[in-house]
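First up is the structure itself, then whatever we jot down about it.
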Amino acid sequence: MRKQPIARTRKWFCIILVFVVVLGVVWHFSPGLPVLIGPWASASTRKAGRDLFEREWQVNDPLAQGDGLGPVFNAKSCVACHNQGGVGGGGGNEFNVTTYEIVPNSRDPEPITGTIHAAASSKEFQESFNLVRKMYPVVKGNTRVVNHCRVTEPDVDPLRVEHLQTTALFGAGWIDRISPKAITSNRRGNLWSGMVREFSLDFESIPAGRARVLPGGKIGKFGWRAQFATLEEFVAAACSNELGLGTPTVDQAVPISAPDYADVKPDLNRKQFRRLVAFVDTLPKPVEVLPASAPERNQAVRGKEVFSEVGCAVCHVPSIGGVKGVYSDFLLHRIVDPQGGGRGDGYGAPAPETPLPDDRPHPDEWRTPPLWGVADSAPYMHDGTANTLEAAINRHGGAAKTVREAFQKLGVEDQTALVAFLRTLKAPAEVK
């Protein structure tokens, strides 16, 4: 009789254990919780944040807690670059940011990244490509004997320079709330889909991209290389690199020629920084606006179908993590320019002398940019060299080669319809 309570306890323990295990497995493979509540901030906070976003900063600015603008910077205000389609949009090629990377080599075994700033508070701090080249010259090759064989090692140029376009910030707060599980779950689904197609002897499927896993296990969602996991990190880095404004979390950028530039107080205090982030966080989502006339509306609807049929939607996922209309999987994909291989500007660049760490993107890897608002964000591609949507599609190669070829095989009517659909993805009207 005494064994019954013990047996009953064991039974319930086993039931609970099985339930917990099943729940854990389901959660592991689930896309996580969808975004149910969007960004919000009080009207006064948004107003204060917008004032900071639009402010034209000066050296020793009275509103700054530190030394204000500089010592090196690319613009004097956030809105100077982020203005297409309204405050918070993208920017034209005149606002492209010049970045550089030193790939691992025998002289510098660790990758080094930086920005060649367009302006400086003093001539002595002015930066240029020649200055970076002087710091990181070509690594000369040599000839050595290995096992009685003469081996000649070629010269290695470790310096790569890229010109990156300013991205639009509309809907950034919604992206910030997308669960990392939603991104990895979508990727897992693409991997399974690709395997099934290969078993069916269909080898034309689009390779699944990869999530950029940052230090601490975070998944990158912001930046052309998915180098930031959160909107706050993205804004702090932009303040530092683009305006030379230090924040409570990121110091101001220092000149390449003066790495020991004196430490100063953060230019933005915590309250100011929170307000700036709140403004960017609450920028409204872009919208899909169908044409008023029936023929044009039908054309755009057909274009949306073609968008999926040719495979665009595999990477430019229409909705993810409960956020509708974002058109991105936030993964890194190898998109080799079909016309620019070997230029050394990020597309088709030669492999580094020393392999890149696993968490570093390859030269031809880029995060899938969200397409919402794309109608108001020309030019396109990471460097802004595609002036039209058609040109951008035709520059897709590498993992997207089959999509580009499928688009090129379409009839003129369907090609025009697809582009007409993309032109319905507008910047939000309320920020104009």
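The values are calculated or read from the model by the stated rules, or taken from the named source; none is laboratory data. Quick caveat: nothing in here was measured; it's all calculated off a predicted structure. Cβ atoms come from the backbone with ideal geometry, glycine included; neighbour counts cover every protein chain shown.
Pairs linking a residue in the stretch 203-220 that is free of Cβ contacts under 8 Å to residues at least 12 places away in the same chain and crowded, with 16+ Cβ neighbours inside 10 Å to a residue that is acidic (Asp, Glu) and part of a loop (DSSP other than H, G, I, E, B), with Cβ atoms under 8 Å and 6 or more positions apart or on different chains, do not occur. Out of all the residues in the stretch 215-237, which are in contact with a helix residue (DSSP H, G or I) (Cβ under 9 Å, 6 or more places away or on another chain), under 20 Å from Pro370 (Cβ atoms) and of a type outside the set (D, E, K, R)? Hits for the stretch 215-237 are Ile219, Phe222, Gly223, Gln227, Phe228, Ala229, Thr230, Leu231, Phe234, Val235.
Exactly one residue among Ala75, Ala80 is assigned to a loop (DSSP other than H, G, I, E, B), buried (at least 19 other Cβ atoms within 10 Å of the Cβ), within 25 Å of the chain's Cα centre (by Cα) and aliphatic (A, V, I, L, M), and that residue is Ala75.
Note on the stretch 97-107: residues that are exposed (fewer than 15 other Cβ atoms within 10 Å of the Cβ) and either of a type in the set (A, V, I, L, M) or modelled with pLDDT of 95 or more (or both) total 0. Scanning the stretch 238-290 for residues that are among the small types (Gly, Ala, Ser) and closer than 27 Å to Ala120 by Cβ, we see that the one that is surrounded by the most Cβ atoms within 10 Å (Cβ to Cβ) is Gly244.
Considering Glu94, Glu110, the condition of being under 28 Å from Val59 (Cα atoms), acidic (Asp, Glu) and exposed (fewer than 13 other Cβ atoms within 10 Å of the Cβ) is satisfied by Glu94 alone. Considering only the stretch 144-174, state which residues are assigned to a loop (DSSP other than H, G, I, E, B) and free of Cβ contacts under 8 Å to residues at least 24 places away in the same chain. Scanning the stretch 144-174 gives Asn147, His148, Glu153, Pro154, Asp155. Being within 18 Å of the chain's Cα centre (by Cα) and without any contact (Cβ under 8 Å) to a residue 40 or more places away in the chain is a description that does not apply to Pro295. Put simply, of Ala226, Ala262 the only residue that is outside any helix (DSSP H, G or I) and touching a residue at least 24 places away in the same chain (Cβ under 8 Å) is Ala226. Residue count for the stretch 396-432 satisfying the condition of being free of Cβ contacts under 8 Å to residues at least 60 places away in the same chain and assigned to a loop (DSSP other than H, G, I, E, B): 1. If you go through the stretch 50-68 and keep only what is touching a Ser or Thr at 6+ places or on another chain (Cβ under 8 Å), assigned to a helix (DSSP H, G or I) and crowded, with 18+ Cβ neighbours inside 10 Å, you end up with just Phe53. Is it true that some residue in the stretch 355-366 is modelled with pLDDT of 90 or more, under 25 Å from Pro207 (Cβ atoms) and within 18 Å of the chain's Cα centre (by Cα)? The answer is yes, given that some residue of the stretch 355-366 is modelled with pLDDT of 90 or more, under 25 Å from Pro207 (Cβ atoms) and within 18 Å of the chain's Cα centre (by Cα).
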